[in-house]
Amino acid sequence: MDLEKQLFDRVVKFMIDNGIKCDEYVAQSDHVIENAYEFIEDLFNIVEPRLPASFLYADV
């Protein structure tokens, strides 16, 4: 599966799972923010293989 499709599918899943139908809902719903941690981790796991090694292994 290509990167764009993986990212799109994950974003759509997050929106459906959290009942997000408009952008205002995100700010008004604590559960969306709580679930964002797992969502961001999933996004990282999708793009991580494509990140430059210089970024991954740089001192932070």
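Could you pull out the trypsin sites (Lys or Arg not before Pro) across the range 1-59 that fall in loop regions by DSSP (anything but H, G, I, E, B) with no more than 15 other Cβ atoms inside 10 Å?
Those that pass, being in a loop and sparsely packed, are K21.
Could you point to the residue in C22, A58, L7 farthest towards the positive end of the chain's charge dipole, with +1 and -1 charges on the Cβ of Lys/Arg and Asp/Glu respectively?
Projecting each Cα onto the dipole axis, the largest value belongs to L7.
Using a basic spin-label model with each label point 7 Å from the Cα along Cα→Cβ, how many nm lie between D9 and I33?
3.1 nm
In 10 Å bins starting at zero, report the fraction of Cα pairs in the chain per bin as a rounded %.
Cα pair-distance distribution for the chain, in percent: 20, 42, 26, 12.
Which chymotrypsin sites (Phe, Trp or Tyr not before Pro) in the chain sit in a loop by DSSP (not H, G, I, E or B) and have at most 10 other Cβ atoms within 10 Å of their own Cβ?
Y57
Taking the Cα centre of the chain as origin, work out the dipole magnitude from +1 charges on Lys and Arg Cβ and -1 charges on Asp and Glu Cβ, in debye rounded to 20.
The dipole of the chain has a size of about 200 debye.
To the nearest 10 degrees, how steep is helix 30-47 against the longest Cα principal axis of the chain, on a 0 to 90 scale?
Relative to the chain, helix 30-47 is tipped by roughly 30 degrees.
Note the angle between two axes, namely the Cα long axis of helix 3-17 and the longest principal axis of the Cα atoms of the chain, as a number of degrees from 0 to 90, rounded to the nearest 10.
Taking the Cα atoms of the chain, the angle to 3-17 is about 30 degrees.
All of the numbers you see were taken from the coordinates with simple rules; none came from a lab. Computed from a predicted structure; not experimentally measured. With ideal geometry, Cβ positions are generated from the backbone for all residues, glycine too; neighbour counts draw on all protein chains shown.
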